[in-house]
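Since the structure comes first, as structure tokens, the remarks are kept for the end.
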Amino acid sequence: MTTPMPPLTLARHYYETRREVLGAAGLRTRPWFRLTDDERAVAVAEASLITEALHRAEKERQMLQDLAGTLSAPRRVRLLPLV
């Protein structure tokens, strides 16, 4: 995974991207620089959720890769002598 982006930067880009999508659907929202402190805090909290989701997805992907490597690795079988 890449180096995490500062929360405020991610929040701003996420908010502005969402604003563009909503605008394409005919819904108008205020630009980032006109948000109140509370509205901006909500956007930062949403960015934190996105960051956490990405972290969990990366952790899951790594676990699955590790598991796949373990399952596909050749196993040594030790034969016991016949008595």
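What the chain shows is 89 Å² of accessible area per residue, with the surface traced by a 1.4 Å probe over protein heavy atoms. Computed over protein heavy atoms with a 1.4 Å probe, the carbon and sulfur contribution to the accessible area of the chain reaches 62%. Here the simple spin-label model places points 7 Å from the Cα toward Cβ, and for residue 50 and residue 67 these points are separated by 2.9 nm.
Could you work out the relative contact order of the chain? I mean the mean sequence separation of Cα pairs under 8 Å and 6+ apart, divided by the number of residues, in percent. It would help to have the intermediate numbers written out before the result.
On the way: 31 pairs, mean separation 26.7, N = 83.
Once normalised by length, the contact order is 32 percent.
Taking the C-alpha atoms only, the angle from helix 7-24 to the longest principal axis of the chain is near 70 degrees.
What the Cα convex hull of the chain gives, in volume per residue, is 148 Å³. Measuring with a 1.4 angstrom probe and ignoring ligands and nucleic acids, residue 12 comes out at about 90 Å² accessible. The angle between the Cα long axis of helix 37-72 and the longest principal axis of the Cα atoms of the chain comes to about 20 degrees, rounded to the nearest 10.
The values are calculated or read from the model by the stated rules, or taken from the named source; none is laboratory data. Keep in mind that what you see is a predicted model, and the values were worked out from it rather than measured. All Cβ positions, glycine included, derive from the backbone under ideal geometry; neighbour counts span all protein chains shown. For accessibility, only protein heavy atoms count, side chains too; no ligands or nucleic acids. Shrake-Rupley method; radii C 1.70, N 1.55, O 1.52, S 1.80 Å.
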